[in-house]
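Undergrad: Input: one structure, supplied below.
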Amino acid sequence: MAGTSHGHTPAAWTGVIIAFIGFCVAGVFMVAANPLGFWAGIVVIFAGGIVGYAMKLAGFGMPKESSELVEARARAGEAQVSH
């Protein structure tokens with residue numbers, strides 16, 4: 001995964017940060033026995049996923065790999081193994 005920079009995109013970071021904030025909000029309100037605040041935190045968690053996906057669609061995620069790139073990566077892997 002380190003070689004593909006999996007998850008190292010503005011879309012991924014934004015979605016995770018929003019979801020983390022929602023998790024913290026839900027946790028605080030769960031301890032405080034406030035169901036409305038808890039469910040608001042759960043909504044924020046799902047909003048993080050939606051925002052991350054929307055940013056991915058807007059071009060802030062990982063670009064799709066072309067077939068040429070996939071073939072070049074396979075050839076490079078084979079060349080490393082043969083040496």
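The values are calculated or read from the model by the stated rules, or taken from the named source; none is laboratory data. Just so it is clear, the model here is predicted, and its values are computed rather than measured. SASA here: full protein model, heavy atoms, side chains in, ligands and nucleic acids out. Shrake-Rupley method; radii C 1.70, N 1.55, O 1.52, S 1.80 Å.
Undergrad: Taking only Cα atoms of the chain, what ratio of Rg to Rh do you get with Rh as the Kirkwood inverse-distance radius?
TA: Details: Rg = 19.3 Å, Rh = 15.2 Å.
Ratio value, two decimals: 1.27.
Undergrad: Moving to a separate point now. Compute the angle between helix 35-55 and the longest alpha-carbon principal axis of the chain, please, reported from 0 to 90 degrees and rounded to the nearest 10.
TA: That helix lies at roughly 20 degrees to the long axis.
Undergrad: Would you compute, from DSSP H runs of 4+ residues alone, the mean residue ellipticity of the chain at 222 nm, taking -39500 (n - 2.57) per run and dividing by the full residue count, rounded to the nearest 500? Numbers along the way, then the final one.
TA: Values: 3 runs with 59 residues, N = 83.
So the calculated ellipticity at 222 nm is -24500 deg cm²/dmol.
Undergrad: Take every Cα pair under 8 Å in the chain that's 6+ residues apart, average their separations, divide by the length, and report that relative contact order as a whole percent. Mind dumping the intermediate values first?
TA: Details: 77 pairs, mean separation 27.6, N = 83.
Result for the chain is 33 percent.
Undergrad: Now, a different point. Ignoring ligands, DNA and RNA, what percent of the 1.4 Å accessible area of the chain is carbon and sulfur?
TA: Details: 4750 of 6410 Å².
In the chain, the share of accessible area belonging to carbon and sulfur is 74 percent.
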